[in-house]
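Data first, discussion second: the structure below is written as structure tokens.
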Amino acid sequence: LETITSLESTTIVATVPWLESPTQFTGVRINTLLSSIGAKSNQFEAIAINDYTYTLQGIDFDKYPVIVAYEKNGKRLDLRSLGPLLIMFPFDDYPELITEQNKAASVWQLVELKIL
């Protein structure tokens, strides 16, 4: 968490099915995170605390500001608020991202990323 929060932050507002209203999320863009660790691929598995795993691939992270969020409405995410981290898509700004695949890729209670 310390490493992620030390990187440049991005804030998006997204309307998602599991929350009642548009919500502000702050985190680090995935392309920034991948670049910071020297990843050669933009494909990875996102793994949640309950072992839910989703493989993210084929998403243009340079075009779309998809983030690994650590705050919701200005408060640090914890397990009760879908944290400690979650993948969030800017669905409101890019309606083309509203797909069942991207909803499934919005992994909450994220604890690990495995670069493929």
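The values are calculated or read from the model by the stated rules, or taken from the named source; none is laboratory data. Here the structure is a predicted model, which is why all the values come from computation and not from measurement. Using ideal geometry, Cβ is built from the backbone for each residue, glycine included, and neighbour counts are taken over all protein chains shown. SASA here: full protein model, heavy atoms, side chains in, ligands and nucleic acids out. Shrake-Rupley method; radii C 1.70, N 1.55, O 1.52, S 1.80 Å.
What's the extension gain from Glu8 to Lys75 if we count 0.36 nm per residue and subtract their Cα-Cα distance?
Values: separation 67, 0.36 × 67 = 24.12 nm, distance 1.72 nm.
Here the answer is 22.4 nm.
Where only protein heavy atoms count, and the probe is 1.4 Å, what is the accessible area per residue for the chain in Å²? Write down the numbers at each step before the final one.
Numbers: 6430 Å² over 116 residues.
I get 55 Å² per residue for this part.
Rounded to the nearest percent, how much of the accessible area of the chain (1.4 Å probe, protein heavy atoms only) is carbon and sulfur? Intermediate values should be presented prior to the final figure.
Working: 2980 of 6430 Å².
In the chain, the share of accessible area belonging to carbon and sulfur is 46 percent.
Using mean Cβ contacts within 10 Å as the protection proxy, how do 33-45, 97-109 order, highest first? Could you put the intermediate results ahead of the total?
Values: 33-45: 13.8, 97-109: 16.1.
Ranking the peptides 33-45, 97-109 by packing returns 97-109, 33-45.
Would you list which lysines come within 23 Å of Lys114, measuring only between C-alpha atoms, while excluding same-chain residues fewer than 8 positions from it?
Correct list for Lys114: Lys40, Lys63, Lys103.
Can you give the translational diffusion coefficient of the chain in µm²/s, computed by Stokes-Einstein from the Kirkwood radius over Cα pairs at 37 °C and 0.692 mPa s? Intermediate values should be presented prior to the final figure.
On the way: Rh = 14.0 Å.
D = 234 µm²/s.
At 0.36 nm per residue, and after removing the present C-alpha to C-alpha distance, how many nm does the segment from Trp18 to Asp51 gain when stretched out fully?
Values: separation 33, 0.36 × 33 = 11.88 nm, distance 1.95 nm.
Length gained between Trp18 and Asp51: 9.9 nm.
Among residues other than Ile115 whose Cβ falls under 12 Å from its Cβ, what is the net charge (Lys/Arg +1, Asp/Glu -1)? All intermediate terms of the calculation are to be shown ahead of the outcome.
On the way: positive: Lys40, Lys114; negative: Glu45, Glu112.
Result for the neighbourhood of Ile115: 0.
With springs only between Cα atoms under 10 Å apart, run a GNM on the chain and tell me which of Leu86, Leu77, Leu19 wobbles the most.
Leu19
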